[in-house]
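Chemist: The structure under discussion is supplied below as structure tokens; questions concerning it will follow.
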Amino acid sequence: MLIQPKEDLLADSLVHAIAADGAVRCMAAVTTNLVAEAAARHAASHTVAAALGRTLTGALLLAAGVKELDRLTVQIDCTGPVGRITAEANGRGQARGYVRNPQADAPLNAQGKFDVRAIVGEGTFYVTYESGFDIGLYREPYRGSVPLVSGEIAEDFAYYLARSEQIPSAVMLGVLVRARGNGDHFIEAAGGIMIQIMPGADEHTVRAIESSVGQTPHTTTMIRHGARPIDLLQTALGEIPFEVLEEKTVEFACTCSHARALALISAMSAEEVRAMLEEDRGAVMTCHFCNATYHVKESELEQILHRIEKEGLDEAGRNA
Ligand code: ZN
């Protein structure tokens with residue numbers, strides 16, 4: 001059953017703040033529309049919508065704390081039926097993602113919730129940071145990984161931060177799928193909170209945060225009742241004052257286009273392009289990240305083939 005987006009929602013947004021003189025970094029986001037769009041684009045099962053939505057939200061929260069970031073990718077390589085989850089976020093609040101098997105599903109767990117752990121199973125949690133491209137520098141991407149400890153995603157983000165980056169963190173991620181009277185389902189609420197304890201945070205602050213986080217309701221319960229990211233932070237931080245550094249809208253956005261599809265074909269060999277022409281009289285390319293389909297016409301393939309063959313001749317001429 002397709003998950004329908006819910007109408008009449010405020011734009012999704014994210015807040016990045018600091019507390020305790022910078023010793024605590026905190027981010028919160030409402031991602032209801034973004035998760036609804038991801039689920040609809042991939043015709044995801046409810047359990048996959050929850051898994052992908054949590055991963056996209058976690059990637060956006062993690063990306064918000066990084067300076068000069070071009071792109072952050074979270075990849076969950078796992079043995080469960082979902083196969084693999086990939087989520088990408090940039091510093092401008094855009095995210096996109098996909099899973100290997102969007103139809104993977106499992107019965108509700110003992111608490112009556114989507115059993116994300118059952119479709120994820122065991123595996124490895126990877127985070128890749130890329131930066132420098134926008135200003136013409138090439139820096140080696142930084143990649144960290146940890147084994148999955150939970151499969152429920154939020155705990156895996158927290159374990160990654162603690163283990164790979166030595167940042168003790170509290171991470172809450174939620175996606176709430178609800179049924180309409182007519183049997184359709186929709187994403188009623190999605191979002192998350194991430195609190196990172198940096199070196200130098202004092203004992204009192206850490207204990208106060210642990211206590212208030214422990215009493216914080218589910219993020220989706222708060223969002224369903226109208227909470228915005230700043231309200232989520234206020235609840236999670238309790239009495240601790242915080243300073244907002246940035247507030248921005250977030251959205252599902254992909255970088256694919258017809259021109260990029262043509263560029264991909266241009267990088268193929270003449271034989272491959274000739275086969276597309278002779279066997280299919282065109283090409284259909286689907287973007288993994290957003291499921292958009294690009295139809296490449298016979299005449300476009302002919303032009304590309306002509307160019308590849310000409311380059312091949314020029315190359316041969318130079319090497320002669
Ligand atoms: Zn795309």
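Chemist: Taking the beta-carbon count within 10 Å as an exposure proxy, list ILE85, ILE18, ILE153 from fewest neighbours to most.
Modeler: In order of increasing Cβ crowding within 10 Å: ILE18, ILE85, ILE153.
Chemist: Now, a different point. Comparing GLY58, GLY214, GLY121, which has the greatest mean-square fluctuation in the GNM of the chain with Cα pairs linked when under 10 Å apart?
Modeler: Looking only at GLY58, GLY214, GLY121, the largest GNM fluctuation is found for GLY214.
Chemist: Right, something else. Counting Lys and Arg as +1 and Asp and Glu as -1, each charge on the Cβ, what is the dipole of segment 3-252 about the Cα centre in debye, to the nearest 20?
Modeler: The dipole magnitude comes to about 540 debye.
Chemist: On a full-extension model of 0.36 nm per residue, what is the gain between GLU243 and MET198, subtracting their alpha-carbon distance, rounded to one decimal in nm?
Modeler: 14.6 nm
Chemist: Could you tell me which of PRO229, GLY91, PRO217 has its Cα farthest along the dipole of the chain towards the positive end, charges placed at Cβ (Lys, Arg +1; Asp, Glu -1), taken about the Cα centre?
Modeler: Farthest towards the positive end: PRO217.
Chemist: Just from its helices, what would the mean residue ellipticity at 222 nm be for the chain, if runs of 4 or more DSSP H residues each count -39500 (n - 2.57) and the sum is divided by every residue, rounded to the nearest 500 deg cm²/dmol?
Modeler: The per-residue figure over the chain is -10500 deg cm²/dmol.
Chemist: Separate question: For LEU313 and LYS297, calculate 0.36 nm times their separation in residues minus their Cα-Cα distance, and state this gained length in nm to one decimal.
Modeler: Extra length from LEU313 to LYS297 when fully extended: 3.3 nm.
Chemist: May I ask you to sort ARG224, ARG96, ARG281, ARG318 by Cβ crowding, counting other Cβ atoms within 10 Å and putting the fewest first?
Modeler: Fewest-to-most Cβ neighbours within 10 Å comes out as ARG318, ARG281, ARG224, ARG96.
Chemist: Using alpha carbon centroids, what distance separates segment 136-177 and segment 39-105, in Å?
Modeler: Centre-to-centre distance over Cα atoms comes out at 12 Å.
Chemist: Now, a different point. Taking the Cα centre of segment 258-319 as origin, work out the dipole magnitude from +1 charges on Lys and Arg Cβ and -1 charges on Asp and Glu Cβ, in debye rounded to 20.
Modeler: My answer is approximately 260 debye.
Chemist: Which whole-number percent is the relative contact order of segment 3-252 (Cα, under 8 Å, 6+ apart)?
Modeler: Over segment 3-252, the number comes to 28 percent.
Chemist: Under a GNM of the chain (C-alpha, springs under 10 Å), which listed residue has the highest mean-square fluctuation: LEU264, LEU14, LEU148?
Modeler: For the chain, modelled as a Gaussian network with Cα springs under 10 Å, the answer is LEU264.
Chemist: So, one more: Roughly what angle does helix 203-214 make with the longest principal axis of the chain, taking Cα atoms, 0 to 90 degrees, to the nearest 10?
Modeler: 80
Chemist: If you don't mind, there's one more thing I want to ask. Any chance you could give the angle, 0 to 90 degrees and rounded to 10, that helix 298-319 forms with the longest Cα principal axis of the chain?
Modeler: The two axes meet at around 70 degrees.
Chemist: Report the equivalent ellipsoid semi-axes for segment 258-319 in whole Å, largest first, defined as the square roots of five times the eigenvalues of the gyration tensor built from alpha carbon atoms.
Modeler: Listed largest to smallest, the semi-axes of segment 258-319 are 24, 13, 9 Å.
Chemist: Now, a different point. Hey, fewest Cβ within 10 Å first, where do LYS67, LYS310 land in order?
Modeler: LYS67, LYS310
Chemist: If you plug each phi of segment 86-92 into the Karplus form 6.51 cos²θ - 1.76 cosθ + 1.60 with θ = phi - 60°, what whole-Hz ³J(HN,Hα) values come out, in order, with x for Gly and Pro?
Modeler: For segment 86-92, the Karplus curve yields 10, 9, 10, 9, 10, x, 9 Hz.
Chemist: Can you give the angle from 0 to 90° between the axis of helix 154-164 and the longest principal axis of the chain, with both taken from C-alpha atoms, to the nearest 10?
Modeler: Approximately 80 degrees, to the nearest 10.
Chemist: Same structure again: Diagonalise the Cα gyration tensor of the chain and give the resulting equivalent ellipsoid semi-axes, square root of 5 times each eigenvalue, largest first, whole Å.
Modeler: Equivalent-ellipsoid dimensions as semi-axes: 40, 24, 17 Å.
Read-outs: derived from the displayed coordinates by stated rules, not from any lab. The structure displayed is predicted, hence computed values, not measured ones. For neighbour counting, all protein chains shown are included, and Cβ atoms are generated from backbone atoms with ideal geometry for every residue, glycine included.
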